Amino acid sequence: MSHPLHDIALGTRVVVRYLIEGGDRATDALGYLTERTDTHLTVEITTGPVVIPISDIVAGKPIPPPAQRRHRGDPEVR
């Protein structure tokens, strides 16, 4: 069975929408794709890995890296 992230390289930053609570609701995981099998994906988010069954994936896509933070005292920020 194919899913939206089937051909995305491991290590890519992604957002994945997937079903929770028995399919009644959906949520998103935003992080790095670290594992993909025939049955699940693993996305490393800020709080740790999230294992997502492929059958629960509603949508997904690669996203750009996060913007670099700048310090308040940074002279380039004006």
Of Leu30, Leu10, the only residue that is in a loop (DSSP other than H, G, I, E, B), at pLDDT 95 or above and within 19 Å of Pro64 (Cα to Cα) is Leu10
Within the stretch 7-39, residues free of Cβ contacts under 8 Å to residues at least 40 places away in the same chain, open to solvent by 30 Å² or more (accessible area, probe 1.4 Å) and within 13 Å of the chain's Cα centre (by Cα) come out as Ala9, Leu10, Gly11, Thr27, Asp28, Leu30, Tyr32, Thr34, Glu35, Arg36
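Give the residues of the stretch 40-72 that are among the aliphatic types (A, V, I, L, M) and either open to solvent by 70 Å² or more (accessible area, probe 1.4 Å) or part of a helix (DSSP H, G or I) (or both), sorted by residue number. I'd like the intermediate steps shown before the answer.
Going through the stretch 40-72, the residues among the aliphatic types (A, V, I, L, M) turn out to be 41, 43, 45, 50-52, 54, 57-59, 63, 67.
The answer is Val51, Ile54, Val58, Ala67.
The values are calculated or read from the model by the stated rules, or taken from the named source; none is laboratory data. Computed from a prediction, not measured in an experiment: that's the story for all the values here. Every residue, glycine among them, receives a Cβ derived from its backbone with ideal geometry; neighbour counts consider all protein chains shown. Ligands, DNA and RNA are excluded from the accessible area calculation, which covers all protein heavy atoms including side chains. Shrake-Rupley method; radii C 1.70, N 1.55, O 1.52, S 1.80 Å.
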